[in-house]
Structure formats: structure tokens, C-alpha cells
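Okay, structure first, notes after.
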Amino acid sequence: MPQVFTQTATTAGDACPETHCLGKRVAGALRSCGFPALARVDVSADQDRIRLRGRVGSYYHKQLAQTIARQVMGGGCLVNDVQVDGRAAEGIEAGESGSIPGSPRVA
């Protein structure tokens, strides 16, 4: 059974210790990246793969979640099941305009 890592669920369950730790690291990286939409992405570990699930407001956020997970993982199997839902963008907090952090704004 896959183990889901959220802010409250971090028990090892059936996941092997290496995958469990990797899942926790990926979830932590998504929570601390500065994009609140990514903090709501669920990370699950199932034997030798990491799966991302949830809803975000843009393809940029979906790709960013995948990029962050890959950087943490360094390799291995990643399944990105994050769904893009424009309605999720209505709940985006200030600072999540979809631009790359540090890039100039275009008026």
C-alpha cells in the first residue's frame, strides 16, 4: 500500500526505509519551496517510486512540483499525477503569479 506524506501523515507503513525517507524529503521540499499551492501536493511512496497527487492552478505549478521532486530524488521513478484545475488558481495566495521567482515582471 502506498504511503502518503502530508504535514500530518508520516508513518512508514509498507514503504521501505529508503523510500519512506525520500518521500518525506520530497514532501518537505514542496512545503518549503515558497509556493503554497505545492505545499498541498500529496507525496506517496510505494516501494521504489514516488507519486505526486493533488490539484494546482497552472501547468507551471505542476511542472515545478515535478522539477523539485526530481532534484530531491536524484533519479528513480517519479509519477506525476498532479491535476491542473484553473479553479484551484482562485485560491492562490499573493506571490504565486506563475512567474519564475526572481524574474522581472512584465507590465
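For a quick check of your reading of the model, give me the residue pairs whose first member lies in region 40-52 and is at positive phi and free of Cβ contacts under 8 Å to residues at least 60 places away in the same chain, whose second is surrounded by 19 or more Cβ atoms within 10 Å (Cβ to Cβ) and part of a loop (DSSP other than H, G, I, E, B), with beta-carbon atoms closer than 8 Å and at least 6 apart or on different chains.
Every condition considered, the pairs that remain are Q47/A15.
Kindly evaluate A39 against the criterion of being modelled with pLDDT under 95, of a type in the set (G, A, S) and out of contact with any Gly (no Cβ under 6 Å at 6 or more places or on another chain). Steps first, answer last, please.
On the way: modelled with pLDDT under 95: yes; of a type in the set (G, A, S): yes; out of contact with any Gly (no Cβ under 6 Å at 6 or more places or on another chain): yes.
Considered against the rule, which asks whether it is modelled with pLDDT under 95, of a type in the set (G, A, S) and out of contact with any Gly (no Cβ under 6 Å at 6 or more places or on another chain), A39 comes out as yes.
Give me a count of the residues in region 58-71 that are surrounded by 19 or more Cβ atoms within 10 Å (Cβ to Cβ) and in contact (Cβ under 8 Å) with a residue 40 or more places away in the chain. Walk me through how you get there before you give the answer.
Restricting attention to region 58-71, the residues satisfying the condition of being surrounded by 19 or more Cβ atoms within 10 Å (Cβ to Cβ) are 61-62, 64-65, 68-69.
Imposing the further condition that a residue be in contact (Cβ under 8 Å) with a residue 40 or more places away in the chain reduces the set to 68-69.
Residues meeting the conditions: 2.
Going through region 43-54 one residue at a time, which ones are surrounded by fewer than 19 Cβ atoms within 10 Å (Cβ to Cβ) and under 15 Å from D85 (Cβ atoms)?
R53
The values are calculated or read from the model by the stated rules, or taken from the named source; none is laboratory data. Please read these numbers as outputs of a predicted model, since none were measured by experiment. Note that we place each Cβ from the backbone using ideal geometry, even for glycine, and neighbour counts take in every protein chain shown.
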